Amino acid sequence: MDNAHPTHRQQEILDALRRGGGSLRVQRLASDLDVSEETVRRNLKRLVNAGLVEKMHGGARLAEAGGEGDFQHRLSIAAGAKQRIARHVAGMIPDGGSVFLDVGSTTSYIADALRDHADLLVVTNSVSVAYKLATRGGNRVYMAGGALRAHDGGAFGAEALAFADNFKTDLAVLSTAGITAKDGFMLFDLEEANFSRAIIKGAARRIVAADSSKFGRAAPITVCDPSLIDTLVTDAPPPDDLAAAAARWGTKVEVART
């Protein structure tokens with residue numbers, strides 16, 4: 001299997017593992033997806049071979065390099081780099097501006113860095129972002145409706161997509177699970193990708209905020225044509241192939257230094 005393109009069934013298994021906090025037993029996966037345990041085992045074997053999941057006794061868990069795991073765990077990874085990126089992005093957002101922030105761990109740090117800003121219009125599908133920026137500095141915060149995911153407090157689905165269509169923001173700040181010179185900006189979750197695409201349509205400028213651990217890392221789903229991303233804010237210069245690709249896309253790379 002090409003690990004950039006899991007089948008529909010394999011993507012369902014990845015999504016179920018993510019909803020379950022990163023690991024589930026085979027029996028639970030079969031029940032949740034209404035398929036046989038043999039079907040689950042067969043598809044898990046292919047996901048293991050692709051490096052996206054790891055086997056454990058009686059079940060499977062998202063691979064450290066493949067799935068993104070629990071939100072609090074993600075916040076602890078490369079925290080210093082994410083905080084530098086957050087301060088840089090916050091400096092790009094003026095008081096009184098309108099901005100969309102997604103559910104990523106880096107965007108949660110960006111919400112922290114925006115706490116001294118005033119009169120922002122913030123659109124988000126992240127409970128973490130909404131909590132940090134609501135009731136501060138005269139901000140107006142709009143939070144997407146729908147069921148919240150247990151592992152990251154994000155709102156997704158049809159209600160969230162309909163919500164996104166209401167807004168035209170100055171800036172969209174998006175997360176990514178991986179960036180490759182071949183495929184651009186990538187995610188592990190189809191709902192996240194669909195929501196990002198809806199937000200991209202309504203934003204005047206589009207920024208991806210991603211630390212350098214995402215360079216060269218593949219994920220199953222491409223977010224959009226990479227030429228739609230105006231700026232990549234990161235913590236280190238990208239490798240030559242990715243730098244050349246960004247130049248082709250017309251995506252400016254800004255390295256956060258402090």
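Run lengths n ≥ 4 of DSSP H only: what is the helix-derived mean residue ellipticity at 222 nm for the chain, with -39500 (n - 2.57) per run over all residues, to the nearest 500?
It comes out at -11000 deg cm²/dmol, rounded to the nearest 500.
Take every DSSP beta bridge whose two residues both sit in the chain, then give the antiparallel share in percent to the nearest 5.
Approximately 35 percent, going by the DSSP bridge assignments.
Within the accessible area of the chain, what % is carbon and sulfur when the probe is 1.4 Å and the other protein chains stay in place?
Here carbon and sulfur together make up 49 percent of the probe-accessible area.
Give the relative contact order (percent, whole number) for the chain; include only Cα pairs under 8 Å separated by 6+ residues.
Rounded, it is 16 percent for the chain.
Subtracting the Cα-Cα distance from 0.36 nm times the residue separation, let me have the gained length for Val255 to Ala236 in nm, one decimal.
Taking Val255 through Ala236 to full extension adds about 6.3 nm, to one decimal.
Quote to one decimal, in nm, the extra length available between Val26 and Asp95 on full extension: 0.36 nm per residue of separation minus the C-alpha distance between them.
Separation in residues times 0.36 nm, less the Cα-Cα distance, equals 19.9 nm.
Mind counting lysine pairs for me in the chain? Cα separation below 18 Å, and the two need to be 8 or more apart along the chain or on different chains.
Counting lysine pairs in the chain gives 7.
Based on Cβ point charges of +1 for Lys and Arg and -1 for Asp and Glu, what charge dipole magnitude is obtained for region 190-258 about its Cα centre, in debye rounded to the nearest 20?
With Lys and Arg at +1 and Asp and Glu at -1, about 200 debye.
Averaged per residue, what accessible area in Å² does the chain show with a 1.4 Å probe, protein chains only?
44 Å²
Just the accessible area for Ser105, please: 1.4 Å probe, Å², rounded to the nearest 10?
Looks like 10 Å² after rounding.
Once you have the Cα-Cα distance between Ala16 and Ser36, take 0.36 nm times their residue separation minus that, and quote the gain in nm to one decimal.
5.7 nm
Can you give the Rg to Rh ratio of the chain, both from alpha-carbon atoms, with Rh computed by the Kirkwood formula?
0.97
Between beta-carbons, use under 13 Å as the cut-off and find the net charge around Val127, counting Lys and Arg +1, Asp and Glu -1.
0
The values are calculated or read from the model by the stated rules, or taken from the named source; none is laboratory data. Treat the numbers as computed from the prediction; the structure is a model and nothing was measured. Note that each Cβ is placed from the backbone with ideal geometry, even for glycine, and that neighbours are counted across all protein chains shown. These accessible areas exclude ligands, DNA and RNA; they are computed on the full protein's heavy atoms, side chains included. Shrake-Rupley method; radii C 1.70, N 1.55, O 1.52, S 1.80 Å.
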